[in-house]
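Here the structure is laid out as structure tokens; the discussion comes afterwards.
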Amino acid sequence: MKLCLGVLSALVVSGLLACGGTGAVEPEEDSLGQISSAVVCSTTCPNGSTVSCEGTTCNTYPGESVECDGMHNICIPTIPSVCLSTSSACSYLAGRSCSPVGGTRSCCINRRVGNCYCMPTGQWACSAS
């Protein structure tokens, strides 16, 4: 019985090794003979640009950032065009005179597009979208 178990074990182990089941992945050597096992991560940002990095470890956060060896490369935040003008800031518009009553316009609240509504009092009131 012991002989059968020994033969069976030898067959299983040799089968695994032949198929690469337990073999370790060997790192590659570069042209200088140094060992390298670098991986590359990349993601496409909302504005269409790409961020990437190379390292021994790699994580991708789609549309946000990549991380290699603990270092993050983030997508540059895009600022809506309405937020480029200080006169479109909600903090600037809220409470100011407006017309016609019931009119609306886009505004900027914390670098995001919001909406302003011309109240029956003739003053702007703004809210986040």
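Computed from the coordinates by the stated procedures, all read-outs in this text should not be read as laboratory data. Quantities reported herein were computed from a predicted structural model and do not represent experimental measurements. Methodologically, a virtual Cβ is constructed for each residue, glycine included, from the backbone with ideal geometry; neighbour enumeration extends over all protein chains shown.
Listed values, structure above:
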quantity	calculated
Spin-label model distance (nm) - SER97 vs SER52, 7 Å beyond Cα toward Cβ	5.7
Taking only Cα atoms of segment 81-128, radius of gyration then Dmax in Å	9.7, 29
